[in-house]
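S.K.: Below is the structure I would like to discuss, written out as C-alpha cells.
The values are calculated or read from the model by the stated rules, or taken from the named source; none is laboratory data. For clarity, every value in this text was computed on a predicted model and none was experimentally measured. For neighbour counting, all protein chains shown are included, and Cβ atoms are generated from backbone atoms with ideal geometry for every residue, glycine included. These accessible areas exclude ligands, DNA and RNA; they are computed on the full protein's heavy atoms, side chains included. Shrake-Rupley method; radii C 1.70, N 1.55, O 1.52, S 1.80 Å.
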Amino acid sequence: MSKETNVVVSSNGYTQSDQVDLIDIIQQVWAGKKTIAIFVGVCVVIAALYAFLAPQKWSSVAIVTLPDSGQVVAYSQVERVLYPDNPPKIDDIQTSLFSRFKGGLAALSLQLQNQEKPENLTSVVLNPEQPDQLKISYTGASAQAAKNTLDDYLKKIDSNIVTGIDSDLNLNIKSRSEDLKGTISSLEKVAQEKKSNRLNILNQALLIAQHANIDKPMLSNSTGLDDDTLFAVGSEALNAMIANYKNAPLPLDKDYYKTVQNLLSVQSLNDNKRIISTFRYIMEPSIPVHRDSPKRALILVISVLLGGILGSTYVLIRNAFRARAK
C-alpha cells in the first residue's frame with residue numbers, strides 16, 4: 001500500500017510545507033540581520049568610495065545648422081567676381097560649406113576617439129525632417145570644461161575649413177588673373193594685327209595712287225570705296241591717313257575692355273578681408289546641469305540591495321552547512 005503524506009495543499013496553490021520553508025527562511029534572515037547589515041555596510045562604503053572618487057562625466061550640447069546668407073556673402077561675392085557668367089547660388093554655397101563642416105566634425109570625432117586617452121565628441125541629426133540641424137555633444141570632466149572644450153572644438157573646425165577655403169579662393173584668384181591677363185594679351189595681339197593689316201592696305205593704296213599719279217581725290221563722295229578702290233582718294237589723303245593711323249590707339253573692341261574690367265575686379269579681391277563661417281548656432285554650447293556619471297543616488301540604492309542579497313545568501317548558506325554538520 002502507498003504511504004500517505006501529511007502535505008496539505010492550500011487554496012492559493014502553496015503547500016503547507018512551502019509555507020513552513022518560507023517562514024523558516026525569513027526567520028533565518030532576520031536572525032542574521034547583523035551579518036546582513038555588515039554586508040550592506042561594506043557594499044555601501046565601497047559604492048560611496050566609487051561614487052565620490054570615480055571620474056565625473058558632464059556633457060555639453062550645442063545645436064548647429066547651415067550658415068545664414070550674411071555669413072557666406074563674402075564668399076558669394078568672390079565667386080561672382082571670379083565667375084560672372086555662372087555664379088553659384090547662395091543656397092548651394094550654404095549647403096556646400098555646411099557639408100564641409102560636417103566632414104570636419106566627423107574627422108575630428110574619429111581622431112579624438114583614437115587618442116591614447118579617448119574623448120567623446122558626437123553628433124546626431126536633431127530631426128529627420130530637418131537633416132541640416134545637428135545636435136553636437138562633448139563629454140568632459142566638469143560642466144565648465146565640457147562647455148569650453150566643445151566651443152573650442154567647433155571654432156577649430158570652422159577655422160580650419162575657412163583657412164582652406166581662403167587658400168582655395170586665393171589660388172582661384174591667381175589662376176583667374178592669369179587667365180584674364182592671357183585673354184587681354186591675346187586681344188591686344190589681335191588688335192595689333194588688325195592695325196598692321198589696315199596700314200598695309202593703306203600703304204598698298206598709296207603705292208597704287210603714286211603709280212597712277214593720283215594726288216587728289218577722284219571722287220567727291222568716298223562712301224562707296226572699299227579696300228580695292230581706296231587709291232582713288234589720292235596720295236595726299238592716303239599719306240595723311242597713314243600718318244594718323246600709325247599714332248592711333250589699337251582698335252580694341254568691347255570684349256577687351258570687359259576683360260580688363262574683370263581683371264581689375266579680380267585683383268581687388270586680394271585686398272578684401274573675407275569673413276566666412278561654415279555653420280550657425282541654433283543653441284550655443286551649454287553648461288550641463290546634471291552629471292552623466294557617476295549616478296551617486298542610484299549607485300547607493302543598488303549597493304544597499306546588493307549588500308542585502310549577498311548578506312542574506314551568506315546567512316542561508318551558513319545555516320545550511322551548520323544544519324548538515326549536526
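S.K.: For residue 89, which aspartates and glutamates qualify as cross-link partners when the Cα separation must be under 15 Å and same-chain residues fewer than eight apart are set aside?
M.R.: Answer for residue 89, where 15 Å is the Cα cut-off: 68, 79, listed by chain and number.
S.K.: With a point put 7 Å past each Cα toward its Cβ, work out how far residue 34 is from residue 175 in nm, to one decimal.
M.R.: Computed distance between label sites residue 34 and residue 175 equals 8.8 nm.
S.K.: A further question on this structure: Would you mind working out the accessible area per residue for region 102-223, using a 1.4 Å probe, and quoting it in Å²?
M.R.: Result: 62 Å² of accessible area for each residue.
S.K.: In the Gaussian network model of the chain, springs joining C-alpha atoms below 10 Å, which of 276, 299, 23 carries the largest mean-square fluctuation?
M.R.: Sorting by GNM fluctuation, first place goes to 23.
S.K.: Now for a separate question. Which distance in nm do the two modelled labels at residue 167 and residue 280 give, with both placed 7 Å along the Cα-to-Cβ direction?
M.R.: 2.8 nm
S.K.: On a straight-distance basis, which lysines could pair with residue 189 in a cross-link, Cα separation under 17 angstrom, same-chain partners fewer than 8 positions away excluded?
M.R.: Partners found: 181, 246, 254, 258.
S.K.: Run lengths n ≥ 4 of DSSP H only: what is the helix-derived mean residue ellipticity at 222 nm for the chain, with -39500 (n - 2.57) per run over all residues, to the nearest 500?
M.R.: Calculated from helices alone, the mean residue ellipticity at 222 nm is -22000 deg cm²/dmol.
S.K.: Leaving out same-chain residues fewer than 8 places away, which aspartates and glutamates sit with a Cα under 16 Å from that of residue 216?
M.R.: Within the straight-line limit of under 16 Å, residue 216 reaches these aspartates and glutamates: 236.
S.K.: Let me ask another. From the Cα trace of region 74-225, what convex hull volume per residue do you get, rounded to a whole Å³?
M.R.: In region 74-225, the Cα hull volume divided by residue count equals 183 Å³.
S.K.: Okay, next question. If you take the beta carbon distance between residue 186 and residue 130 as r and set R0 to 41 Å, what does 1/(1 + (r/R0)^6) give as a FRET efficiency, to the nearest 0.05?
M.R.: Efficiency, rounded to the nearest 0.05: 0.25.
S.K.: For residue 50 and residue 119, what is the calculated FRET efficiency with R₀ set at 25 Å and r taken between the beta-carbons, to the nearest 0.05?
M.R.: The pair residue 50/residue 119 has a calculated efficiency of 0.65.
S.K.: Stokes-Einstein D for the chain at 20 °C, 1.002 mPa s, Kirkwood Rh over Cα pairs, in µm²/s?
M.R.: In µm²/s, the coefficient rounds to 72.
S.K.: Just grab the label-to-label distance for residue 212 and residue 83, each label 7 Å out from Cα along the Cβ direction, in nm (one decimal).
M.R.: 5.7 nm
S.K.: Right, here's the next one. Using Cα springs under 10 Å in a Gaussian network model of the chain, which residue among 262, 203, 213 shows the largest mean-square fluctuation?
M.R.: Fluctuation is largest for 213.
S.K.: Over region 97-195, what relative contact order in percent results from Cα pairs under 8 Å that are six or more residues apart?
M.R.: Reported relative contact order: 19 percent.
S.K.: Helix 235-247: angle to the longest alpha-carbon principal axis of the chain, degrees 0 to 90, nearest 10?
M.R.: Value to nearest ten degrees: 30.
S.K.: How much length, in nm to one decimal, is gained on full extension between residue 324 and residue 254, taken as 0.36 nm per residue of separation minus their Cα-Cα distance?
M.R.: Once the chain is fully extended between residue 324 and residue 254, it gains 13.8 nm.
S.K.: If we sort 145-153, 107-115, 37-45 on the protection proxy, mean other Cβ atoms within 10 Å, highest first, what's the order?
M.R.: 145-153, 37-45, 107-115
S.K.: What longest region of the chain stays clear of GluC sites (Glu not before Pro) that DSSP places outside H, G, I, E and B and that have at most 12 other Cβ atoms within 10 Å?
M.R.: With GluC sites (Glu not before Pro) excluded where exposed in loops, the chain gives 130-326 as its longest stretch.
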